[in-house]
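Readers should treat all values here as calculations from the given coordinates under stated rules, not as data from a laboratory. Because the structure is a prediction, the values reported are computed rather than measured. Cβ placement follows ideal geometry from the backbone for every residue including glycine, while neighbour counts extend to all protein chains displayed.
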């Protein structure tokens, strides 16, 4: 059976649209959710092996918006939660899992605003650059006990102060991009708040 070929641009779009079945990342043939299949160039397999999914945890109050950072395990720098997508997970599911494991937060993923940037990672062979797709993550709950509590610290910073806190080389571009989307991200968070408040008001 033959499969259509896909370009690097197409791969990036599919990553952002969450259409790939992660269970197929390790093979040349990748199955897309919905039954469609594509044949990837051999050189593209590494894209999926290295790709990560992360979140930009945030909260709002009036006109203010704050971001939540955690420390990395290897170098202790302030970063945003991220990780490898597990077999069968959607991007949204990975966001929820990584958010709770690394930062002890729960919330809602704003899937309309993916931000993909190259991020450095310390490995046995040195420093590697990995493509990471970050999603704004509106935090609705923060717990005191979470899986990586003993490995990481947390720190909230106003969006305007975030570039001073974050590891500049890696995350400055991510934060700047988040800032350009601030209006729409804030509106989405406010809409989510209103949908949660409505049932409470009806119950009263």
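Could you give me D for segment 52-191, from Stokes-Einstein at 37 °C and 0.692 mPa s, where the hydrodynamic radius is the Kirkwood radius over C-alpha pairs? Units µm² s⁻¹, please.
219
Based only on Cα atoms, what Rg/Rh ratio does segment 104-176 have, Rh being taken as Kirkwood's radius?
Using only Cα positions, Rg/Rh for segment 104-176 is 0.98.
Of the listed peptides 93-104, 123-134, what is their order by residue-averaged count of other C-beta atoms within 10 Å, with the highest listed first?
93-104, 123-134
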